[in-house]
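As structure tokens, the structure follows; a few thoughts come after it.
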Amino acid sequence: MREARVLVGPGKGHRFEVPSLPLVYRIRNRGSVALGRYEPEVTRFLSERLRSCRVFFDVGAHTGYFTRIALNLMDSEGTVVAFEPDPEAAIRLRQTFSDPRLTVRTDAAGRDDHDATLERREGLVSRIRDESIPGTGHATGTVVRVRSLDRLVQADEIPPPELLKIDVEGGEMLVLEGMERLLRSEEHTSELQ
């Protein structure tokens, strides 16, 4: 793995680990990251909305790229909640960001509250067994807690989001099902991308 740094754009300053690939792919991937062109549509969507946002959820935070954008663009009163069940990635998030506006939760978001197995593969994102896109080569990992966003908000463990990004390796519908009350509530308006 090699490190790449975002040099321009709303994610400026963020660091990614880029897999060791053939030279041509490595140059392309590092160049895209450095020029702030990682997931440009999502970056643009969030950038247009985060300045006026009070509460942002980064569900499936991984390296924290969208967490970085939120912290760069939101005002000092904003709150960012990053959900990252991979213990190693959560530790890196806490080490990378020392910002009082950020809460890193090691729960996975899902339809309901239960325990599940987090599977990891070196150099790739982790996934929740039977709740993410199936694949090969993932090692059996750690038991993690899956939580419904509705229940977390209802229990006042987190504030309701105004804006959220969900990237959980194929389990996005389960996360949305677990926040059905939030999505139906007129009191809370959320935007999804």
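The values are calculated or read from the model by the stated rules, or taken from the named source; none is laboratory data. Small disclaimer: the values here were computed from a predicted structure and weren't measured. All Cβ positions, even for glycine, are placed from backbone atoms using ideal geometry, and neighbour counts span all protein chains on display.
Restricting region 40-50 to residues that are within 14 Å of the chain's Cα centre (by Cα) and crowded, with 16+ Cβ neighbours inside 10 Å leaves a set whose member that is farthest from Met179 (Cα to Cα) is Thr43. The requirement of being at pLDDT below 75 and part of a helix (DSSP H, G or I) is not satisfied by Val42. I'd like the residue in region 144-164 that is in a strand (DSSP E or B) and either hydrophobic (A, V, I, L, M, F, W, C) or modelled with pLDDT under 95 (or both) and, out of all such residues, is surrounded by the fewest Cβ atoms within 10 Å (Cβ to Cβ). Here the answer is Val144. The residues of region 51-92 that are surrounded by 23 or more Cβ atoms within 10 Å (Cβ to Cβ), among the hydrophobic types (A, V, I, L, M, F, W, C) and within 21 Å of Val175 (Cα to Cα), listed by number, are Phe56, Phe57, Val59, Ala61, Phe66, Ala70, Val80, Val81, Ala82, Phe83. Count of region 56-107 residues, restricted to those that are assigned to a loop (DSSP other than H, G, I, E, B) and either in contact (Cβ under 8 Å) with a residue 40 or more places away in the chain or on the phi > 0 side of the Ramachandran plot (or both), is 8. Residues in region 168-177 that are assigned to a loop (DSSP other than H, G, I, E, B) and either within 11 Å of Ala108 (Cα to Cα) or hydroxyl-bearing (Ser, Thr, Tyr) (or both): Val168, Gly171. Every condition in (1) closer than 20 Å to Leu174 by Cα; (2) modelled with pLDDT under 95 is met by Asp113 except one, and the failing one is (2). Entry remark, region 124-142: residues being of a type in the set (Gly, Ala, Ser), surrounded by 11 or more Cβ atoms within 10 Å (Cβ to Cβ) and either at pLDDT 70 or above or farther than 10 Å from Glu169 by Cβ (or both) number 3 in total.
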